[in-house]
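The values are calculated or read from the model by the stated rules, or taken from the named source; none is laboratory data. This one's a predicted model, so the numbers in the text were calculated from it and none came from an experiment. Using ideal geometry, Cβ is built from the backbone for each residue, glycine included, and neighbour counts are taken over all protein chains shown.
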Amino acid sequence: MVKKIQNIELAFLTIDDYQELKQAMITSYQSMPDSYWKEVEIQTLLSKFPEGQIVIKVDGHIAGCALSIIIDHERFEDRYTFNNITGNLTFSTHTHTGDTLYGIDVFIKPEFRGLRLGRRLYEYRKELCEKLNLKGIEFGGRIPNYHKHEHEMSPKEYIEKVKLREIHDPVLNFQLSNDFYPVRVLKAYLEGDKVSKEFAVLLKWENIYYEKPSKRAKEIKKIVRLGLVQWQMRPYKNINELMQQAEYFVDTLSAYKSDFALFPEFFNAPLMAEYNKLSEAEAIRKLADYTSSIIQEFSKLSISYNINIITGSMPELVDDSLYNVGYLCRRNGSVERYEKLHITPDEQKVWGMKGGSKLQTFDTDCGKIGILICYDVEFPELSRLLVDEGMDILFVPFLTDTQNGYSRVRYCAQARAIENECYVAIAGSVGNLPKVHNMDIQYAQSMVFTPCDFAFPTTGIKSEATPNTEMILISDVDIDLLRELHSFGTVKNLKDRRFDIFELKKRK
């Protein structure tokens, strides 16, 4: 029983700690009493990589220790033994240009076990890994209880039973509980480890914040500012007047340093008033004549105002077939097209529209995004396919006339944020167009949704506009919070999928 503890602290190891460290190692490795580190080896580690050598002290005395080096992972793919990785204990393998933090030792003295002090050592290693922008942490984990089962099962079977909690292994159980996962069995890893029969498990932890070194002048942004336009439907004399209003919103969002401007579905519908004497199907085809010019203007605005513009959607004729499409106008000048895949019964019956066939993510200076037009967000398969391609933010331009229609879009969009562990931004139009057939009334409340976990709002709503009021909505989203959620969330919707019983993939 440990006496009452007054103070626990993490400290960098120094050579003055050596004699106490030696006794702590002898006490901790009773099955290998001669396996303590020599003073010259500790001195070498301290001279090469002082940040990697840490002790935990209880009331001023060493209770545990963690030693590590930085290696180039690829050098040891086929030579994974303790002697190879440590350069036969010379640590010549340590390199500041490496990509992996390698744990060469960690222990807690027997009298301090059960206090979760080892977890503090591992947390330090993880923080160090993030600070140095390394890919992750690796080490060969001993399996000290394997000698009790060597005649009954292979090391691989032993590891599986430990994972299923059918066998207790004090080392491997601890590693698994600290977010490390087994990669493969290592044979003849540590010479003299009789209780493990010289087997070990290659264990790994991945740094979700790792950024591959880049020669680009500008990196992908992690804090992304979304600008949503809740557009007022009103009469416009011509396309120039419509685009003046659009530029006003783009200018305003740019002034607030927004990275994206999202417009609603069919925001240009007021231009159909001129063709109200025609049938609905003819009028929408007349509206399609403006699409090319509007996209050209939006592309100019995206460059001049330094903002990525998602143009909502517009009708477009392709080989005499009518589609509901939009464009991503990036601030670097490039333009890409997206399509509405699921056409509503009204769009098909009244306008004679066809559904598109292209589903994809888009690379931007703020990471990968997806865009689904209105009704498409009510089909969960689409966003799941997009998130499997790396999507972090889903944009949904929509147009709904009734509160019922709006609720379908709104609640489906929020579900997509939760089940796909991503952000979802929806933007719609408000107001009335009495002189445009089939576009009489609109209802909208633009929103930004998040997953529901501790790092996000309890309600899953990051921000929301005033219903049925023309305005802009600006909201910051943190991409790194999604990375944390994927690995450390209370639940893991993406990782916990049962691929053994179902599969979802796009047709080629």
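Is at least one residue of the stretch 90-100 under 19 Å from V171 (Cβ atoms) and either among the hydrophobic types (A, V, I, L, M, F, W, C) or in contact with a helix residue (DSSP H, G or I) (Cβ under 6 Å, 6 or more places away or on another chain) (or both)? Among the residues of the stretch 90-100, not one is under 19 Å from V171 (Cβ atoms) and either among the hydrophobic types (A, V, I, L, M, F, W, C) or in contact with a helix residue (DSSP H, G or I) (Cβ under 6 Å, 6 or more places away or on another chain) (or both), which makes the answer no. Taking the criterion of being farther than 20 Å from A417 by Cβ, of a type in the set (D, E, K, R) and either surrounded by 20 or more Cβ atoms within 10 Å (Cβ to Cβ) or under 25 Å from the mean Cα position of the chain (by Cα) (or both), the residues of the stretch 341-375 that qualify are E347, K358, D363, D365.
Within the stretch 269-301, being at pLDDT below 95, of a type in the set (S, T, N, Q) and touching a helix residue (DSSP H, G or I) at 6+ places or on another chain (Cβ under 8 Å) holds for one residue alone: N276.
Among the residues of the stretch 353-409, write down those that are in a helix (DSSP H, G or I) and either among the basic types (K, R) or not assigned by TED's automatic domain parsing to the domain that holds E484 (or both). If the condition is that a residue be in a helix (DSSP H, G or I) and either among the basic types (K, R) or not assigned by TED's automatic domain parsing to the domain that holds E484 (or both), then R384, R408 are the ones that fit.
Would you be able to tell me the number of residues in the stretch 57-73 that are of a type outside the set (G, A, S) and over 18 Å from L132 (Cβ atoms)?
Restricting attention to the stretch 57-73, the residues satisfying the condition of being of a type outside the set (G, A, S) are 57-59, 61-62, 65, 67, 69-73.
Narrowing further to those that are over 18 Å from L132 (Cβ atoms): 57-59, 61-62, 65.
Looking only at that region, the number is 6.
Tell me yes or no: at least one residue of the stretch 8-20 is in a helix (DSSP H, G or I) and hydrophobic (A, V, I, L, M, F, W, C). Checking the stretch 8-20: at least one residue is in a helix (DSSP H, G or I) and hydrophobic (A, V, I, L, M, F, W, C). For A427, the conditions (1) under 22 Å from L382 (Cβ atoms); (2) modelled with pLDDT under 90 are fulfilled apart from (2).
Whether any residue in the stretch 247-256 is part of a strand (DSSP E or B), among the β-branched types (V, I, T) and buried (at least 17 other Cβ atoms within 10 Å of the Cβ) is what I want to check. Within the stretch 247-256, not a single residue is part of a strand (DSSP E or B), among the β-branched types (V, I, T) and buried (at least 17 other Cβ atoms within 10 Å of the Cβ).
For the stretch 28-115, the strands (runs of 3 or more DSSP E) that sit wholly inside it and include 3 or more residues that are within 19 Å of L203 (Cα to Cα) and in contact (Cβ under 8 Å) with a residue 40 or more places away in the chain are 61-71, 100-108. The set of residues in the stretch 307-333 that are part of a loop (DSSP other than H, G, I, E, B), touching a helix residue (DSSP H, G or I) at 6+ places or on another chain (Cβ under 9 Å) and surrounded by 14 or more Cβ atoms within 10 Å (Cβ to Cβ) comprises I307, T311, R330, R331.
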